[in-house]
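Okay, structure first, notes after.
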Amino acid sequence: MKILGIETSCDETAAAVVEDGARILSHQIASQVAIHARYGGVVPEVASRQHLLAIIPVIERVMTEAKAGWNDLDGIAVTIGPGLAGSLLVGVNVAKVIALASRLPITGVNHLEGHIYANWLSGQCPSFPVVCLIVSGGHSDLVLMKDHGDYQLLGRTRDDAAGEAFDKAARILGLGYPGGPAIEQAASRGTATIQLPRAWLKGSYDFSFSGVKTALLRLVEAGQVSSVADAAASFQEAVVDVLVTKTIAAAREQKVKQILVAGGVAANRLLRQRLKENSPIPVLVPELILCTDNAAVIAACGYYRFRAGKTDGLDLDVVPNLRIA
């Protein structure tokens, strides 16, 4: 079964053709990072306009790369949320037009659920039940996944998500945008010598990174940060410490077979390293290219939705605040 995936939830215009939820036949991303870097973050209106310019050429390229015509496809999977409303609308409306013209079934995919399916595209087949750590710009969620489409939310961010905290910390330290890679690069030259707080939220698997970000800001304002590299390393250490500790604790309590990591922050090397070193439970992490927003994961997730008979009509709409469970 060949699925065309379309992803436009934020500032990446992406399309992919994936076979049987595991084999990537083609994969293209038109990034807007350089455009938004001058503003220090994503500007929603600019993002949606760029999607309009990029989406048709991107889809044409993936179809050519996959050596596929519309008749070779079995369905279309498109991100419906969470994300920026204007950006999501571009992808959903283009997907509906293609579905109508080509008489193909369509299914709406939760962007966060899609991130999880990166783990099915790396030559691995996870064994249920699993605990999934989803860490991205706007989300830090711990999810128990018992089967395809069967999710139980164990914990979520109460304020700043990990990716958002990295962006804000990078801005505080003058490291630019996007913050995650900037913090990681600076941290590689420093040592975690600065004591920063951790919000453990005892008795809960929820996350909170607003406090550590504010603590860093106060130190910078007070002139107590002499090394940006050490500050970046200390901030990264604080965030990763909480993510790893809570994920392993949740996996132990739920007695799962594996831990899956997904989302843009899953590309952080310290996070990947610490989870693998400290977890008594096997940890799966996707290839770096599959951690950030892309359409291959949307197509992979769509495959399992189609296999379960889950399709949508042409009245499919976006849900900017969509939750995974």
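Hydropathy at least 1.6 by Kyte-Doolittle, axial extent at least 24 angstrom from the Cα trace: which helices of the chain, defined as entire DSSP H runs, fit?
85-102
Among 205, 303, 39, what is the fewest-to-most ranking by other Cβ atoms within 10 Å?
Ascending Cβ contact count within 10 Å gives the list 39, 205, 303.
Rounded to the nearest angstrom and ordered from largest down, what semi-axes does the equivalent ellipsoid of region 105-145 get from its C-alpha gyration tensor (root of 5λ)? Don't skip to the answer; put the middle values down first.
Numbers: eigenvalues 55, 53, 21 Å².
So the three semi-axes of region 105-145 are 17, 16, 10 Å.
Going by amide H atoms built from the backbone, whose H comes under 5 Å of the H on residue 140, apart from near neighbours?
Distant-sequence amide H within range of residue 140: 157, 162.
Would you compute, from DSSP H runs of 4+ residues alone, the mean residue ellipticity of the chain at 222 nm, taking -39500 (n - 2.57) per run and dividing by the full residue count, rounded to the nearest 500? Present the calculation step by step, with values, prior to reporting the outcome.
Numbers: 10 runs with 132 residues, N = 325.
Dividing the helical sum by the residues of the chain leaves -13000 deg cm²/dmol.
Taking every pair of alpha-carbon atoms in region 126-285, what share in percent sits in each 5 Å bin, from 0 to the bin with the longest distance?
Going from the shortest bin to the longest, the percentages are 2, 10, 20, 22, 19, 13, 8, 4, 2, 1, 0.
Which of the residue pairs 67/310; 67/168; 146/168; 213/255 have a Cα-Cα distance greater than 31 Å in the structure shown?
Over 31 Å Cα-Cα: 67/168; 146/168; 213/255.
Using +1 at the C-beta of Lys and Arg and -1 at the C-beta of Asp and Glu, which of 101, 249, 36 has the Cα lying farthest in the positive direction of the dipole of the chain?
Projecting each Cα onto the dipole axis, the largest value belongs to 249.
Of the labelled options (i) 181; (ii) 120; (iii) 138, which one gives volume of the Cα convex hull per residue in Å³ as computed for this structure?
(ii)
Using the alpha-carbon centroid of each, what span in Å lies between region 37-60 and region 1-28?
One Cα centre to the other: 17 Å.
Regarding region 181-239, what's the average projected area of the Cα-atom convex hull, expressed in nm²?
Working: hull surface 16.8 nm².
Computed as one quarter of the Cα hull surface, the answer is 4.2 nm².
Which Cα, out of 322, 211, 279, lies furthest along the positive dipole direction of the chain (beta carbon charges, K/R +1, D/E -1)?
279
Read-outs throughout are calculated quantities, based only on the coordinates presented, and are distinct from any laboratory measurement. Since this is a predicted model, take the numbers as computed values, not measurements. Here the Cβ is made from the backbone with ideal geometry for all residues, glycine too, and neighbour counts use every protein chain on show.
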